[in-house]
Amino acid sequence: MKKMKKTDPNLMGLISELKTVARENDAPIWRDVARRLEGPARNWAEVNVSKVSKYAEENDTIVIPGKLLGAGDIDKKVTIATYRASKSAVKKVESAGGKVIGMLELAGSNPKGSGVRIMR
């Protein structure tokens with residue numbers, strides 16, 4: 001059986017950059033996120049904002065290696081870095097005072113990955 005390769009150049013660039021940040025800063029969290037994104041998209045995390053609200057603390061920084069979905073409500077100010085996010089999820093997070101950013105933006109501002117949690 002032939003192994004399928006990723007074809008999205010943006011995704012391949014993101015994976016490569018995350019591995020570079022992990023290697024340069026000795027930060028295994030970015031390598032872990034890159035490896036999760038290398039896997040099949042059907043195995044990626046799909047996290048609803050209600051789950052973020054349930055498990056996150058106020059002012060937490062969360063990485064979702066997959067997609068943030070808009071089901072449920074959120075009442076905490078959190079920063080969420082994800083590969084994709086639905087419009088309703090972004091709207092709900094921003095109305096609660098939080099923000100949704102790209103993974104490279106978070107990796108650039110926090111190269112060591114300290115205080116960052118992976119949510120699956």
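The values are calculated or read from the model by the stated rules, or taken from the named source; none is laboratory data. Just so it is clear, the model here is predicted, and its values are computed rather than measured. Cβ sites come from the backbone with ideal geometry, for glycine too, and all protein chains shown count toward neighbours.
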Are there any helices (runs of 4 or more DSSP H) wholly within segment 1-107 with 3 or more residues that are within 16 Å of residue 119 (Cα to Cα) and either modelled with pLDDT under 95 or out of contact with any strand residue (DSSP E or B) (no Cβ under 6 Å at 6 or more places or on another chain) (or both), and if so which?
28-38, 49-55
Do we find a residue being over 16 Å from residue 81 (Cα atoms), of a type in the set (A, V, I, L, M, F, W, C) and in contact with a Gly (Cβ under 9 Å, 6 or more places away or on another chain) anywhere in segment 7-16?
no
I'm trying to understand the selection: among the residues of segment 17-61, which are farther than 26 Å from residue 76 by Cβ, crowded, with 19+ Cβ neighbours inside 10 Å and not aliphatic (A, V, I, L, M)?
none
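Here's the yes/no breakdown for (1) surrounded by fewer than 20 Cβ atoms within 10 Å (Cβ to Cβ); (2) under 17 Å from residue 31 (Cβ atoms); (3) within 10 Å of the chain's Cα centre (by Cα); (4) in contact (Cβ under 8 Å) with a residue 40 or more places away in the chain:
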position: 74; (1), (2), (3), (4): no, no, no, no
position: 78; (1), (2), (3), (4): no, no, no, no
position: 89; (1), (2), (3), (4): no, no, no, yes
position: 93; (1), (2), (3), (4): no, no, no, yes
position: 114; (1), (2), (3), (4): yes, yes, no, no
position: 117; (1), (2), (3), (4): yes, yes, yes, yes
